[in-house]
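Colleague: There's a structure below that I have some questions on.
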Amino acid sequence: MSTEALGKEPGAGSPGTDSPGTDSPGTDPAGPPAAKPAATDPRALARARRRRSAARFWRAYRGQRAGLVGLVSLAVIAFVALAAPLLVGSDADSVTDAPGTALEDPSTEFPLGTDQFGRSVLDLLVYGARISLTVGLLAAALTVGIGTFVGMIAGHYGGWLSGVLMRVTDFFLVMPTLVLAIVLATVMSRSVTTVIIAIGVAAWPKTARLVRAQTLAIEARPYVERARALGGGHTHIMLRHVLPNVMPLVLAQTTLVISEAILTEATLAFLGLGDPQVISWGGMLQDAREAGAISSGHWSFLVPPGIAIALVALCFTLSGRALESVLNPKLGVAK
């Protein structure tokens, strides 16, 4: 055996082993730093928290049986309203091309009979869901938007501005909502937009008072005081701290306002203050009254739109109560 072989250290140069001075991949301290784990990315963490929060909310909401029934029913009604042109055709409200005769009794061809022009009541009921739901949703959005803005401004700034806004709110609050909506719908042109504006302007004071009370409670919390001490402006505090904490209350209030808006729209249409060129459930009740459906005994023309209005209002109310219970368990709303 040669001297070089005897002098060679054991394991030196053998495969799979490294000497103390050799560089091995992945162990060089002078090498490039490892990539930052995705789990420490603030955006990824925020998305993960939102997903977990949404999952917890859905599990809690599913536990509210009445709210789940209301939500499923609303989903079915919304699908029928969106697919109305495909289900009953786009000419369901045509007077000149009516498929039947005036005030027919329910039959196989017309399950709910016909109206005074020979149009199918079932087709009109399906088609009228579009206007009734649209007016309810848009009017509720306008109502909640005005109420949230006024309530947050009054609660955040306080002082004389809060006093003025609350006196205006009290003025609208003591006025009956339906009476004020009738007045506005009378002096303005008869259209769907007029009905939406009339309902929205008349029904916002309740939301304003609720949001103002919640804003006062939120601004008394320590983290808002710290944000103000660190130089946070009015806009920053209201948009980043107050509004996210007010939104659960606003969402719950929205579902309740929608049912009230649908009932108000039906009342205005029944009184002849709606748009006569569109089909709505309230307009169907007005047509049934003018056609003498009550005196002639044609209940199939009068009862279905009334049941539809009551059903949608009930579904929104159930969903709103369940949402309140999930967002604020202290309310103790029954399942």
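The values are calculated or read from the model by the stated rules, or taken from the named source; none is laboratory data. Worth saying up front: this structure is predicted, and the values here are computed from it rather than measured. Reconstructed Cβ throughout: ideal geometry from the backbone, glycine too, with neighbour counts over all protein chains shown. Just so you know, the surface numbers come from the protein's heavy atoms only, side chains and all, with ligands and any DNA or RNA stripped out. Shrake-Rupley method; radii C 1.70, N 1.55, O 1.52, S 1.80 Å.
Colleague: Please report the base-10 log of the normalised intensity I(q)/I(0) for region 138-277, using a Debye sum with one equal scatterer per alpha carbon and no solvent, at each q in 0.14, 0.15 (1/Å).
Modeller: -0.67, -0.74
Colleague: Starting from the Cα-Cα distance between residue 230 and residue 290, subtract it from 0.36 nm times their residue separation and give me the gain in nm to one decimal.
Modeller: 15.0 nm
Colleague: Now for a separate question. Taking only the C-alpha atoms, wrap a convex hull around the chain and report its volume per residue in Å³ as a whole number.
Modeller: Normalising the Cα hull of the chain by residue number yields 279 Å³.
Colleague: Could you tell me how many degrees, from 0 to 90 and to the nearest 10, lie between the Cα long axis of helix 205-219 and the main elongation axis, the longest principal axis, of the Cα atoms of the chain?
Modeller: The helix 205-219 is inclined about 20 degrees to the chain.
Colleague: What number, rounded to the nearest 500 deg cm²/dmol, is the helix-based mean residue ellipticity at 222 nm of the chain, given -39500 (n - 2.57) per DSSP H run of at least four residues and division by all its residues?
Modeller: Result for the chain, helices only: -21500 deg cm²/dmol.
Colleague: If you take the beta carbon distance between residue 161 and residue 59 as r and set R0 to 41 Å, what does 1/(1 + (r/R0)^6) give as a FRET efficiency, to the nearest 0.05?
Modeller: 0.45
Colleague: Still on this structure, please answer the following. Please determine, in degrees from 0 to 90 and to the nearest 10, the orientation of helix 42-62 with respect to the longest principal axis defined by the Cα atoms of the chain, where the helix direction is its Cα long axis.
Modeller: 40 degrees
Colleague: Given the Cα atoms of region 239-324, and with Rh set as the inverse mean 1/r over their pairs in the Kirkwood sense, what is Rg to Rh to two decimals?
Modeller: Value, to two decimals: 1.17.
Colleague: Counting only heavy atoms of protein chains, what accessible area per residue, in Å², does region 92-183 have with a probe of 1.4 Å?
Modeller: Per residue, region 92-183 has an accessible area of 47 Å².
Colleague: Also, I was wondering about something else. What residues of region 150-164 lie in the reach of a label at residue 247, counting those whose backbone N is under 17 Å from a point 7 Å from the Cα along Cα→Cβ?
Modeller: Backbone N within reach: 152.
Colleague: To continue, here is another question. Put a dot 7 Å past each Cα toward the Cβ at residue 271 and residue 327; how far apart are the dots in nm?
Modeller: Between residue 327 and residue 271, the label points sit 3.0 nm apart.
Colleague: Give me the dipole magnitude in Debye, nearest 20, for region 215-301 about the Cα centre, with unit charges on the beta carbon: positive for Lys and Arg, negative for Asp and Glu.
Modeller: That gives a dipole near 580 debye.
Colleague: Using a probe of 1.4 angstrom, how much of the accessible area of region 161-287 is carbon and sulfur, in percent?
Modeller: The computed percentage sits at 68.
Colleague: Among 297, 282, 231, whose mean-square fluctuation peaks in a Gaussian network model of the chain (Cα, cutoff 10 Å)?
Modeller: The residue that fluctuates most here is 231.
Colleague: Calculate the spin-label point distance for residue 51 paired with residue 171, positioning each point 7 Å from the Cα along the beta-carbon direction, and give it in nanometres.
Modeller: That separation, rounded to one decimal, is 5.2 nm.
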